[in-house]
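**Student:** The structure follows.
Coordinate-derived values only; no laboratory data. What you see is a predicted model; the values in this text were computed from it and never measured. Please note: Cβ atoms are built from the backbone with ideal geometry, for glycine as well, and neighbour counts cover all protein chains shown.
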Amino acid sequence: MSETSYIFDATLENFQEKVLQASMQAPVLVDVWADWCEPCKQLMPVLERLANEYKGAFTLAKVNADQQQELTGHLGVRSLPTVLLIQNGQAVDGFNGALPEGEVRKVLDKYVEPPEENPHDKANRLWEEGDLDGALAILTTLNQQDPNDTAVLIDLAQIKAELGDAETAQQILDSLAPEDKLQPHARQLIARLKFMEQAGQLPPVAELEKRLKADPKDCEALHQLAIQHVLKENNAEAMELLIRLMQVDANYKDGVAKTTLVELFDKLGNNNPDVRTYRRKLYTLMH
């Protein structure tokens, strides 16, 4: 069975055979979606990834609500996306809206045997879901099993930094070979640690906001408040302040606004939507 056979388009004509009858052998997850539905676009890649990962423990039936209006009506769909889990010819579970991957897994795992997950992948999934302690425990075990696994070391240091343990994160970073420090995740860690070091020397946020209210062109306050926002993961707010600082004085502290923006871009990575937005703003401002 190829990966593509885990996923198919369901229609009124094939629903009886490919969904209801097929669900006697293995559950079928029915996703009712539409092109214009933004939450549908968020959820679909998650469901497709899980269908391929579970390798036939369930199949994914995609129902285009606009093209299959009669079928959508028969299913009683009132909002999009609507997801139904069909087992033994009956809808036994489901949900509405774009749930996070972890929540979708909880629904699936009540009815199908979950696949064995790669420990490093599981650590990254827990990390994305906000379970830093769970991710840290797995990464610590992996590091004990193979102390030379650079990818595990960098992720371990990243989580230590997120948990506020900058000293341990720096020690791990210092242990890396020079070429490993050039990896994107390592560069993100270097930037994060630099911001953490700077934040320890800054006035409180409330004081900086008060200064900017009194003088919106206070360059020092603009820069320092941007750093505070970085550490609180308010990245768009930080970038906006740095752009404002460049507009007020692009040469302040030898162009620290531009330097800090580039470091923040490194910290977040090129795929971050805020990075793409503010790279364009920076380019426009400079040209």
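**Student:** Identify which of the listed values of Kirkwood radius over Cα pairs in Å was calculated from the structure shown: (i) 20.0; (ii) 22.3; (iii) 19.1.
**Tutor:** So the calculated entry is the one marked (ii).
**Student:** What whole-number distance in Å separates the alpha-carbon centres of region 121-191 and region 15-78?
**Tutor:** Taking the Cα centre of each part, region 121-191 and region 15-78 sit 37 Å apart.
**Student:** Want the number for Leu20 to His74: 0.36 nm per residue separation, take away the alpha-carbon distance, what's left? Each step should come with its number before you reach the end.
**Tutor:** Numbers: separation 54, 0.36 × 54 = 19.44 nm, distance 1.33 nm.
Extending this stretch completely gives an extra 18.1 nm.
**Student:** Which order do the peptides 105-113, 233-241 take when ranked by the mean count of other beta-carbon atoms within 10 Å per residue, highest first? The partial results should precede the final answer.
**Tutor:** Numbers: 105-113: 14.8, 233-241: 18.7.
Ranking, from highest mean packing down: 233-241, 105-113.
**Student:** State the Kirkwood hydrodynamic radius of region 71-172 in Å, one decimal place, computed from all pairs of distinct Cα atoms. Intermediate results must be reported in sequence, preceding the final value.
**Tutor:** Working: mean 1/r = 0.0612 Å⁻¹.
Its Kirkwood hydrodynamic radius stands at 16.3 Å.
**Student:** Follow-up. Along Cα→Cβ, 7 Å out, is where each label goes; now give me the distance between the ones at Lys253 and His287 in nm to one decimal.
**Tutor:** Spacing of the two 7 Å Cα→Cβ label points: 2.8 nm.
**Student:** May I pose another question? What residue among Asp266, Asp133, Asp149 has the largest mean-square fluctuation in a Gaussian network model of the chain, using Cα springs under 10 Å?
**Tutor:** Asp149
**Student:** Might you list the cysteines of the chain that have no disulfide-compatible partner by the rule of another cysteine's Cβ under 4.7 Å?
**Tutor:** Taking the Cβ cut-off of 4.7 Å, the unpaired cysteines of the chain are Cys219.
**Student:** Would you please state which residues of region 199-217 a label at Glu233 would reach in this model, taking the label point 7 Å out along Cα→Cβ and a backbone N cut-off of under 12 Å?
**Tutor:** Within reach of a label on Glu233: no residues.
**Student:** Another question, then. How long is region 1-104 along each principal axis, judged by its Cα atoms, biggest number first, in Å?
**Tutor:** That works out to 32, 29, 23 Å along the principal axes.
**Student:** Could you order peptides 120-129, 190-199, 276-285, 154-163 by the average number of other Cβ atoms within 10 Å of their residues, highest first? Don't jump to the answer; show the numbers that get you there.
**Tutor:** Details: 120-129: 16.6, 190-199: 18.3, 276-285: 14.0, 154-163: 21.6.
Packing order, densest peptide first, comes out as 154-163, 190-199, 120-129, 276-285.
**Student:** What is the extension gain from Lys213 to Gln171, computed as 0.36 nm multiplied by their sequence separation minus the C-alpha to C-alpha distance, in nm to one decimal?
**Tutor:** Net length gain for the segment: 11.1 nm.
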